[in-house]
Amino acid sequence: MEHKWYVLNVHSGKEDFVAEKIKTMIAAQNAKDVISEISIPKQSKIVIKEGKKEIKKKRLLPGYLLVKMKYDQQTASLLTNIEEVRGFVRIGTEVYPLTDEEVARMMDQKPEETKKTKSYAMSVRVNDAVKIVDGPFKDFIGKVSEVDESKGKVKVLITMFGRETPFDLDLTQIQKL
C-alpha cells in the first residue's frame, strides 16, 4: 500500500501544535513507514509596513493539515486520538486521498512560470487618502484611483496646477493617512 495525501481537520490555530505532536509520535513509535510527511499549506504574501516590504506566510487552509500516509483503521485512530484533531475530511462515510494535482496546487509546487506572479497584501483601497513618502513628490497628499495588487503598484491622483494628475507609484512610496 503506497503513501497518499489525506486531509486532517484540526482545531483552528493548532495546526503547528498538532503537526509537532504527530512528528513526536512518529519518532517515539518509529512509525515513519506509516506516516511519511506532514504539511501545513501556507501562502506567501508581500506586506508593506512602514514603507518596507515583508514576506508573511499565511495559512492557506486554517484548521487543516495534509498528512502523507498509508491509510488504514489503525493509523487513522492513531491520529484521531490526538485531542486537537477532529478527524479526516470525508465524502459521505469514506475517506479519500487527494489527487496529485490538488496537493501540488496547495503546496504551491507550480511551474516556475506561474510562480512569478507575486501577491501583495494591500493596505490601501481606491479613494483612500495617502501621503507620498518617497520620490520626487515626497510629502504630497493624494487620493488612490487604482490599485494593482499583482504588481504592488497604485495610481495616485495629486492636485498640481489646479487639476488632478495621476502618478504610478510603488506601495513602498506611499503611506495611508
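Read-outs throughout are calculated quantities, based only on the coordinates presented, and are distinct from any laboratory measurement. Note that the structure is a prediction, hence the values are computed from the model and not measured. Every residue, glycine among them, receives a Cβ derived from its backbone with ideal geometry; neighbour counts consider all protein chains shown.
With neighbours defined as other Cβ atoms within 10 Å of a residue's Cβ, the residues Ile48, Ile82, Ile174, Ile141 order from fewest to most as Ile141, Ile82, Ile48, Ile174. Reported value for the chain: 156 Å³ per residue, from the convex hull of its C-alpha atoms.
With neighbours defined as other Cβ atoms within 10 Å of a residue's Cβ, the residues Met25, Met160, Met106 order from fewest to most as Met160, Met25, Met106. From the mean inverse distance of alpha carbon pairs (Kirkwood) and the Cα radius of gyration, derive Rg over Rh for the range 123-176. Checking Rg against Rh, the ratio lands at 0.92.
In the chain, taking the dipole from charged Cβ atoms about the Cα centre, the farthest positive-side position among Ile38, Ile82, Gly162 is held by Gly162. Evaluating 6.51 cos²θ - 1.76 cosθ + 1.60 at θ = phi - 60° for every residue in the range 133-143, the Karplus couplings come out as 10, 8, x, x, 9, 4, 6, 7, 9, x, 10 Hz, glycine and proline recorded as x. The Cα atoms of the range 18-87 define a convex hull whose projected area, averaged across directions, is 5.8 nm². Could you grab the relative contact order for the chain? Cα pairs under 8 Å, six or more apart, rounded to a whole percent. Reported as a whole number, the value is 23 percent. So how tilted is helix 15-29 from the main axis of the chain? Cα-based, degrees 0 to 90, rounded to 10. Taking Cα atoms only, the helix is inclined about 30 degrees.
Think of it as helices only: each DSSP H run of n ≥ 4 in the chain is worth -39500 (n - 2.57), and spread over all residues that comes to -5500 deg cm²/dmol at 222 nm.
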